[in-house]
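Each reported figure results from applying straightforward, stated rules to the coordinates on display, with no laboratory input. Everything numeric in this text was worked out from a predicted model, so none of it was measured. As a convention, Cβ positions derive from the backbone with ideal geometry for all residues, glycine included, and neighbour counts pool all protein chains shown.
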């Protein structure tokens, strides 16, 4: 199938006029300019962007990945794909190992099945339990643990090596040894990315963690010591390392628009926009649950009883649009939701970019970035 008269997004150049062909679920040819013949589906100059990739989403539609329910995971994946997110890492919360094991095994089983009407599960993001008490945020303190490579490796084996990101507070006992062991695998799509998260680390501790093999920061600015001009902490250490990527929640609540703009100026091509959505995403106001704790969704905000922000009720496509509305350059915002997440997982030769040989996951939008069509492996939803 051929699509022509399209404005196709490219991560370095922005939108370029051209055409593309899809065969057997992949982009078989991508061409730019006016040289293509006018045969196939005329997109009438519409914007075509890769399917979005959410590296950090706990749930939606009143279900949570950590429930360990495969039907629930299917509901999460259906909601995501109908909102332009074609690939994602279902993300766990801090829970006992047996609960994590159940959820992770369910994800592995899900990947072995055909789900053509669902977003693609490309791995797991393990957010807890190796986090700090001081900056636990909405994570359940009852289940926090010190980093433990043996327990982690057991979970990894049980889920078929599906854990792609694991979070750790680098100041906790045994964290450096954990980082060195877990990050020491061969580089590539099978490698586990170590992310600094929910941490009170100062600049030196964070820099040592990066030197030891960590390469990512979970929801920058949230769940960490704030940046101070005499102790820049994780934020300053990450800004000094060009090999470190960072996540950013752009729901308009977790991070002020001015700080979103500042982050893009500092980190540029190293930002991965995320939703950090929880089960109340896509649901009406009311009471919900997160990791055994009650949360309340009101006026778009999700909070614990003590007022702590507890994830978001916004999907990644809306976060990308908010970033653009905040003044982030369009090319940077779209790349942060597509190419950069793929690249940090070493998957840019499969997803996140419209190029020959990649999966034909793409979204057709109008100039206001309203979705008109979504395609998964070349098939329209």
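With label points built 7 Å along Cα→Cβ from the Cα atoms of residue 228 and residue 370, find their separation and express it in nm.
4.9
Among 141, 342, 209, which one moves the most in a GNM of the chain with springs linking Cα atoms closer than 10 Å?
Among 141, 342, 209, the largest GNM mean-square fluctuation belongs to 141.
For residue 71 and residue 268 in the same chain, what is the full-extension length gain: residue separation times 0.36 nm, less their Cα-Cα distance, in nm?
The residue 71-residue 268 span can extend by a further 67.2 nm.
Using mean Cβ contacts within 10 Å as the protection proxy, how do 108-117, 47-56, 349-358, 213-222 order, highest first?
Taking the mean over residues of other Cβ atoms within 10 Å, the ranking is 47-56, 213-222, 349-358, 108-117.
Take peptides 261-268, 15-22 and line them up by average Cβ neighbours within 10 Å, highest first, as a rough protection proxy.
Put in order of decreasing packing, that is 15-22, 261-268.
Within the chain, what percent of beta bridges assigned by DSSP are antiparallel, to the nearest 5?
In the chain, approximately 55 percent of DSSP beta bridges are antiparallel ones.
Cα convex hull of region 23-162: how many Å³ per residue?
Spread over its residues, the Cα hull of region 23-162 gives 156 Å³ apiece.
Calculated FRET efficiency, residue 381 and residue 299, Cβ-Cβ r, R0 35 Å, to nearest 0.05?
0.70
Can you tell which of 139, 293, 156 shows the greatest fluctuation in a Gaussian network model of the chain with Cα springs below 10 Å?
293
Taking the convex hull of the Cα atoms, report for region 39-115 its projected area averaged over all directions, in nm².
6.5
Under Stokes-Einstein, with the Kirkwood radius over Cα pairs standing in for Rh, what whole-number D in µm²/s applies to region 52-344 at 10 °C and 1.306 mPa s?
Rounded, D is 85 µm²/s.
Could you give the nm distance between label points at residue 157 and residue 349, where each point is 7 Å from its Cα heading toward the beta carbon?
3.0
Tell me, how many Å apart are the Cα centres for region 252-278 and for region 144-172?
What the calculation gives is 26 Å, centre to centre.
At residue 34 and residue 109, where each label point lies 7 Å from the Cα along Cα→Cβ, what is the point-to-point distance in nanometres?
5.7
Which residue fluctuates the most in the chain, going by a Gaussian network model with Cα springs under 10 Å, if the choices are 251, 200, 367?
367
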